[in-house]
Amino acid sequence: MPSKRAAKLLAGVVATATAGMVAIFPGQPAVHDDTALAIKIMQPWEGRHLVAYLDTLPTKPVYTICDGDTTNVRKGMVETTAGCDKRTAGKLERDYRPYLVKCVANWDKAPLSWRGSMLTLSWNVGVGATCNSTAVKLAKAGKYRESCEAATAFNKAGGKTLRGLVNRREMGDATRPGEAEVCVTGLPT
């Protein structure tokens with residue numbers, strides 16, 4: 001169901017976009033509008049950690065830093081706010097977005113809300129899982145609303161449904177919009 005808070009989030013990205021690019025972090029290069037939206041959706045869910053911590057939520061514990069980044073992270077690692085901004089934006093632009101653009105024909109013509117939601121989903125489950133998901137198959141058929149709903153199936157870790165992932169994938173919680181909430185809010189009616 002569309003929401004005012006998701007509409008506000010989308011409007012903020014659209015208002016600051018120039019030729020589809022957004023300067024989301026001060027002093028950092030601009031990113032695609034869908035990357036900016038993904039960051040705004042996922043940061044409240046991931047939480048920002050400037051010191052590496054051992055995330056025990058996945059089936060295999062892994063050191064994590066910044067906004068849920070696990071690439072080349074080791075125990076005791078420390079990052080700055082600007083360093084986290086650069087890691088998150090750079091990783092989404094370099095390691096996630098190009099693969100989704102490749103697996104979804106006409107990616108840039110899909111609704112911004114859907115693209116941002118798929119990017120944040122891929123940050124959590126990987127581009128392979130996202131590209132091979134029912135959500136992407138439905139989107140390829142032009143069924144974006146159904147695609148938004150199908151992405152909510154990614155709510156488990158270690159085979160167990162987790163309330164936090166249900167909230168993140170669906171309609172959020174009292175303080176954070178969920179991926180499906182943002183996804184459906186930006187769809188044409």
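The values are calculated or read from the model by the stated rules, or taken from the named source; none is laboratory data. In this text, all values refer to a predicted model and were calculated from it rather than measured experimentally. Note: ideal-geometry Cβ built from the backbone for every residue, glycine included; neighbour counts use all protein chains shown. All accessible areas refer to the heavy atoms of the entire protein, side chains included, with ligands and DNA or RNA removed. Shrake-Rupley method; radii C 1.70, N 1.55, O 1.52, S 1.80 Å.
Here are the numbers for the structure shown:
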item: Sequence-distant lysines (8 or more away, or on other chains) whose Cα lies within less than 29 Å of residue 75; result: 40, 60, 86, 91, 156, 160
item: Residue 51 accessible area, 1.4 Å probe, all protein chains in place, Å² to nearest 10; result: 80 Å²
item: Surface accessible to a 1.4 Å probe, per residue, for the residues of the range 35-189, Å²; result: 47 Å²
item: Shape category assigned to the range 1-155 from the gyration tensor of Cα positions, a/c cut at 1.5; result: oblate
item: Length gained when the stretch residue 143-residue 189 is fully extended (0.36 nm per residue, less Cα-Cα span); result: 15.3 nm
item: Of the trypsin sites (Lys or Arg not before Pro) in the range 126-180, those whose Cβ has at most 15 other Cβ within 10 Å and which sit in DSSP loop; result: 143
item: Nitroxide proxy distance, nm - points 7 Å out along Cα→Cβ at residue 14 and residue 28; result: 2.4 nm
item: Label-to-label distance, nm, for residues given as residue 166 and residue 4 (7 Å Cα→Cβ offset); result: 2.7 nm
item: Under 5 Å, built H, 5+ apart or other chain: amide partners of residue 32; result: 22
item: Portion, in percent, of the accessible area of the range 1-136 that falls on carbon or sulfur, probe 1.4 Å; result: 58 percent
